[in-house]
Amino acid sequence: MGAADQGLSEDDVRAFREALAAGRKPKVVFTAAAGQIAGQVGQVVELTDPAESDEFVVVRFGRDELPFSPADVAVAPRGAGRKTVEPQPEPQPEPEPAAAPAEPEFVLDRVPAPRPAPREESRVETVEAAKPARRATKVAKPKGPAGLTVTLAYADGEWTVAAQQGSKALAKPYVVKPAEALRMVALVDVPGVHEAVEQILAAERAEAEQQAEKLRAELAEIEARLAELREAN
């Protein structure tokens, strides 16, 4: 059995993938496993996924591109040319008393041999193939309004609210009362935010109570001093 009858090896398939990646189309010759087209020459134009089908070697043969298995083709010998398959003429019946039935046209095992198309049809096919594929036009979506951002912030013992739409400031930060800030946060159903606000308010309340106690003590001291002054008079 010659090399042309053994099909493609894994190394041949790997070499074909590298050649296709480089833009080349390797030539192959059909083996006896391919049937009546054995000995014909074609070009490998693509290698599909072997996991999806055993026939993953796509060969251009004449005007067709057909899938074959690695056993159906082999590496073409150097200098081998492409052979085209032409329909064989019907044999002339021998003169006999009874007319011999006409033999069927020559066909391939896989697909019928391509018939030569009339000149006018070939010209039409060439023109249609030259036309670029029409690209689908994209429908422009209407532009929606810019996003709106409302920010509630706490810094230096004050609560502030600001609003901005896109890059335009709708409201510069202005001070709000702690009770108003708490009502705003109540609209946000996020436990972590509620806890953070409550901790801030608790710290402010404790600081305010300390200041109040200090002021009460100072006021009591001042009132006692005032009472002493009155008694002295």
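Read-outs: derived from the displayed coordinates by stated rules, not from any lab. What you are looking at is a predicted structure, and each value in this text was computed from that prediction instead of being measured. Neighbour counts run over all protein chains shown; Cβ positions are idealised from the backbone, glycine included.
Give, as a single signed number, the net charge of other residues whose beta carbon lies under 12 Å from the beta carbon of Leu215, with Lys and Arg counted +1 and Asp and Glu -1.
Numbers: positive: Lys214, Arg216; negative: Glu209, Glu213, Glu218, Glu221.
With Lys, Arg at +1 and Asp, Glu at -1, the net is -2.
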What FRET efficiency, computed as 1/(1 + (r/R0)^6) with R0 = 35 Å and r the Cβ-Cβ distance, is obtained for Ser167 and Val188, rounded to the nearest 0.05? 0.90
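Roughly speaking, what is the stretch gain from Ile222 to Gln199, that is 0.36 nm per residue apart minus the C-alpha to C-alpha distance, in nm to one decimal? Don't skip to the answer; put the middle values down first.
Numbers: separation 23, 0.36 × 23 = 8.28 nm, distance 3.48 nm.
Extra length available between Ile222 and Gln199 comes to 4.8 nm.
Net charge around Arg225, counting only other residues with Cβ within less than 13 Å of its Cβ (Lys, Arg = +1; Asp, Glu = -1)?
Details: positive: Arg230; negative: Glu218, Glu221, Glu223, Glu228, Glu231.
Cβ neighbours under 13 Å give a net charge of -4.
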What is the Cα centroid distance between the range 153-231 and the range 1-58, reported in whole angstrom? 82 Å
What distance in nm separates the two pseudo spin-label positions at Glu52 and Glu213, each 7 Å out from Cα along the beta-carbon direction? 7.9 nm
